[in-house]
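The values are calculated or read from the model by the stated rules, or taken from the named source; none is laboratory data. What you see is a predicted model; the values in this text were computed from it and never measured. FYI the Cβ positions are ideal-geometry reconstructions off the backbone, even for glycines, and counts take in every protein chain you see. Side chains are part of the model used for accessible areas, which takes the heavy atoms of the whole protein and leaves out ligands, DNA and RNA. Shrake-Rupley method; radii C 1.70, N 1.55, O 1.52, S 1.80 Å.
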Amino acid sequence: MTLPASSPSTAKPHVTPRSSSVARFLVLALVLAVTATGTGCKWFKKDAPVVQPVETMYETGHQSMKTANWDRAQTQYRSLIAQYPYGPYTEQALMESAYAQYKAGKLDDAVSSIDKFLRTYPTHRNVPYMYYLRGLANSTRDAVFLQRVWKLDASRRDLSTPMQGYNDLSIVAERYPNSRYAADARQRMIFLRNQFARHELDTALYYMRRDAYVSAATRARYLLETYPQSEYQYDAVAVLGEAYTKLGNQALADDARRVLQLNDPQHPWLTGDWPKYPWQIRRLNPFAGEKSPASGMSERK
């Protein structure tokens with residue numbers, strides 16, 4: 001008897017070695033997918049950053065400010081500004097961040113933060129304070145580290161950023177004369193003017209020491225015209241008297257002498273005891289600090 005053919009429901013399909021390998025790969029991939037889903041895809045996904053309320057972030061930074069922890073305050077305010085770009089807390093955080101940078105000695109960062117604030121909030125009620133703070137930062141921006149370590153004379157440094165500081169303080173004094181910062185801004189402007197005048201005096205004395213008397217007289221006249229009533233105005237007159245004497249212009253030298261006799265009769269140039277140049281051997285000691293013939297002049301006045 002002929003056996004019946006197998007029915008479709010019981011007949012086994014013919015499996016080749018290649019199709020068996022593909023089936024095992026698919027099963028393995030399915031297992032891995034289920035495992036990854038069950039464990040929350042920890043292999044492929046990082047934990048999401050914790051978002052705090054803006055009030056909490058600001059209060060944390062503000063407390064750091066109260067304890068003078070400037071670096072922590074900057075970090076907290078930076079996170080706040082990144083997560084909440086606008087709003088009253090962001091405005092306050094940007095201002096306090098600039099102040100923290102200033103107190104930490106990060107003057108370039110402070111100026112950048114202030115510039116950002118002024119661009120973003122040009123009509124803010126605290127704009128006078130931000131100009132005032134920028135004036136403080138720019139006044140000592142380049143020389144602050146050298147002054148702390150080697151006590152260098154700021155008047156002999158590059159004065160470009162102190163000039164910018166002077167302009168910032170001038171904005172406070174002129175545009176916002178009734179602000180609480182105007183009076184102190186004016187006092188700081190006087191200090192900076194004296195610093196600029198001393199820079200010109202040092203330059204004039206530099207020329208005079210090298211017998212460049214015309215250049216010395218030109219610089220002294222510039223000091224008198226640009227910074228009238230500075231602490232060094234009569235020293236500039238003394239430079240004119242000395243330079244004109246060396247140039248043989250006795251009439252102008254006598255005029256300078258009369259001005260000193262009337263206004264500063266104790267000036268040492270009148271007795272031939274000025275200027276006193278610093279000892280040359282000081283230059284061999286890099287830690288001795290700088291000293292110019294102008295040193296100590298303000299103390300005798």
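Working out 0.36 nm times the residue gap between residue 78 and residue 123, then minus their Cα-Cα distance, what length gain in nm do you get to one decimal?
Working: separation 45, 0.36 × 45 = 16.20 nm, distance 2.27 nm.
Gain on extension, residue 78 to residue 123, equals 13.9 nm.
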Per-pair calculated FRET efficiency, R0 = 22 Å: residue 163 and residue 187 via Cβ, rounded to 0.05:
0.80
Which aspartates and glutamates have a Cα less than 14 Å from the Cα of residue 66, not counting those fewer than 8 places away in the same chain?
96
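Net charge near residue 241, counting Lys/Arg +1 and Asp/Glu -1 over other residues with Cβ under 9 Å of its Cβ? Could you put the intermediate results ahead of the total?
Details: positive: 257; negative: 242, 254, 255.
Its environment carries a net charge of -2.
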What nm distance separates the two modelled labels at residue 71 and residue 59, each placed 7 Å from Cα along Cα→Cβ?
2.6 nm
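Averaged per residue, what accessible area in Å² does region 212-256 show with a 1.4 Å probe, protein chains only? Present the calculation step by step, with values, prior to reporting the outcome.
Working: 2100 Å² over 45 residues.
For region 212-256, the solvent-accessible area averages 47 Å² per residue.
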How large is the accessible surface of residue 117 in square angstrom, using a 1.4 angstrom probe and rounding to the nearest 10?
0 Å²
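With a sphere of radius 14 Å drawn around the Cβ of residue 88, what net charge do the other residues whose Cβ falls strictly inside it have (Lys, Arg +1; Asp, Glu -1)?
Net charge in that neighbourhood comes out at -3.
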Kindly sort 168, 273 by accessible area of their heavy atoms, largest first, with the probe set to 1.4 Å.
273, 168
Pulled fully out, how much extra length does the chain show between residue 170 and residue 225, if you take 0.36 nm times their separation in residues and subtract their Cα-Cα distance?
17.9 nm
Could you order the peptides 108-116, 239-247 from most to least packed, using the average number of other C-beta atoms within 10 Å per residue?
239-247, 108-116
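For region 58-114, run through the GluC sites (Glu not before Pro) and keep only the ones in DSSP coil with at most 15 other Cβ atoms within 10 Å of their Cβ.
Values: sites: 59, 91, 96; in loops: none.
Answer by residue number: there is no such site.
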